[in-house]
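Written out below as structure tokens is the structure these notes cover.
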Amino acid sequence: MTWIEDLARRADAALPDYVSAYYHSSAGDGSCDREGLADWNAFRLRPAVLHDASAQDTTAEVLGTAVAAPILVAPMAQQVGARPEGEVLTAAGAAKAGTLLGVSTNTGARFDDIAAQGAPWWYQVYVARNREATRLLVERAAAAGARALILTVDTTPIGREIPAIDPRNWPEGPRKNRTANLTAAELERFGPDTDMALDLTPDTIGWLAEVSGLPVLCKGVLTARDARRCVDGGAEGIIVSTHGGRRLGNSVTSAYALPEILAEVGAEVEVHVDSGIRGGAQAAVALALGARAVHVGRPVMWGLAADGADGVADVLTRYQGELATTLRQMGIGSIRDLRPGDVVTR
Ligand code: FNR
């Protein structure tokens, strides 16, 4: 058993079944989730010997923010299901590990409380049917210190195969299932129109950049053609993602899609990747292929559920340590020296 599988078991034991099932769940027949894990291992790293590898530098900048390593926390909803404080603890763990977190639209924590932990953070946007609700949230996130917006674009209804947790099951009450960053009166006023809009176009990117004054990354892109449309629409970053295999059961995997997207827009914007990255060696593969950063989802949630902020920090520092060890074994002193030629496909 890997340390992450062991951690998942401890998290599952600590959580009510309906919460752990929601965290594990994947779309369709689950093959995108399963193969999303396997496809990272289809890439093999080429070790190198007789190079001075006495020190490793994993530090990086992501959209201008310095991090200890380009291993970031993916935005995930429902963190209050893991711990009542939710993202406040995740942010504290990220701060301890010297990295950055994504904060979901459906966070049960307040922006100011997350920001107070000191970790840089990006606000993930599900655009609401009522654009006024989104404008309010984005303005509040920017005012609280979010440094970028992650516009999640894989929201078409056909892919929405993950049933939401019934809000009535949440110990903290229905509001915790949505956002803590609209008032009760606002939630009442917007009603069902805080649900995801399904009429997004590339123009949405420019609108969000204008409303927030922040750079926008598009998350959930899996083809070169869509990456091009995002960049032409003003995106400053692309996050290649299958949503952890939670959108379309038999979609292509992130590892498979990454090279074509890098070839299309990698010279113009930062390309990041997530879904199925289960350790520092896999992060090294993604970085060697040309990704500027990886985002980690479920393992962080499991760390939060099992051990709170310390659990989050532990997951992230283990990934960082594994990345440094991998570099050492490849005879490489800095992540900047990783090249596509360091990877072969099986
Ligand atoms: C997610 N993900 C997600 N993405 C997003 O843009 N907004 C969200 O609110 C959520 N919520 C969410 C909840 C849970 C429980 C999970 C597991 C995932 C997707 C997430 O950002 C990321 O793409 C995947 O989790 C990455 O895959 P791994 O690392 O979990 O394999």
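Just a few scattered comments:
- Near pairs, Cβ below 6 angstrom, 6+ apart or cross-chain, from the range 16-31 (within 15 Å of residue 304 (Cβ to Cβ)) to any residue that is away from the ligand (no atom under 11 Å from the Cβ): 20/12
- Selection of the range 83-112 for residues being within 14 Å of the ligand (Cβ to nearest atom) and closer than 16 Å to residue 144 by Cα yields 87, 100, 101, 102, 103, 104, 105, 107, 108, 109.
- Of residues in the range 212-244 being farther than 16 Å from residue 63 by Cβ and of a type in the set (D, E, K, R), the one surrounded by the most Cβ atoms within 10 Å (Cβ to Cβ): 226
- Condition met for residue 88 (in contact with a helix residue (DSSP H, G or I) (Cβ under 7 Å, 6 or more places away or on another chain), at pLDDT below 95 and either crowded, with 22+ Cβ neighbours inside 10 Å or not in a strand (DSSP E or B) (or both)): no
- Within the range 178-216, the only residue that satisfies the criterion of being on the phi > 0 side of the Ramachandran plot and at pLDDT below 95 is 191.
- Counting only residues that are touching a Cys at 6+ places or on another chain (Cβ under 6 Å) and within 10 Å of the ligand (Cβ to nearest atom), the range 238-257 holds 2 of them.
- Helices (runs of 4 or more DSSP H) contained entirely in the range 173-257, each with at least 2 residues that are more than 19 Å from the chain's Cα centre (by Cα) and farther than 25 Å from residue 142 by Cα: 224-232
- Filter pass, residue 59 being in contact with a strand residue (DSSP E or B) (Cβ under 8 Å, 6 or more places away or on another chain) and surrounded by fewer than 20 Cβ atoms within 10 Å (Cβ to Cβ): yes
- Of the set (1) surrounded by fewer than 20 Cβ atoms within 10 Å (Cβ to Cβ); (2) out of contact with any helix residue (DSSP H, G or I) (no Cβ under 6 Å at 6 or more places or on another chain), all apply to residue 256 but (2).
- Residue check, residue 263 within 16 Å of the ligand (Cβ to nearest atom) and in a helix (DSSP H, G or I): no
- Among all residues of the range 260-274, there is at least one that is surrounded by 19 or more Cβ atoms within 10 Å (Cβ to Cβ), of a type in the set (D, E, K, R) and closer than 18 Å to residue 103 by Cα.
- For the range 231-242, the count of residues that are more than 23 Å from residue 300 (Cα to Cα) and in contact (Cβ under 8 Å) with a residue 40 or more places away in the chain is nonzero.
- Those residues of the range 8-27 which are surrounded by fewer than 20 Cβ atoms within 10 Å (Cβ to Cβ) and either touching a Lys or Arg at 6+ places or on another chain (Cβ under 9 Å) or on the phi > 0 side of the Ramachandran plot (or both), in sequence order: 24, 25
- Any hit, the range 321-336, residues being within 16 Å of the ligand (Cβ to nearest atom) and either within 30 Å of residue 114 (Cα to Cα) or buried (at least 24 other Cβ atoms within 10 Å of the Cβ) (or both): yes
- A single entry from 37, 50 fulfils the requirement of being surrounded by 14 or more Cβ atoms within 10 Å (Cβ to Cβ), at pLDDT 90 or above and not hydroxyl-bearing (Ser, Thr, Tyr): 37.
- Scanning the range 128-151 for residues that are modelled with pLDDT of 95 or more and within 15 Å of the ligand (Cβ to nearest atom) returns 134, 137, 138, 141, 146, 148, 149, 150, 151.
The values are calculated or read from the model by the stated rules, or taken from the named source; none is laboratory data. None of the values given here were measured: they were computed from a predicted structure. Cβ coordinates were reconstructed from backbone atoms using ideal geometry, including for glycine residues, and neighbour counts include every protein chain displayed.
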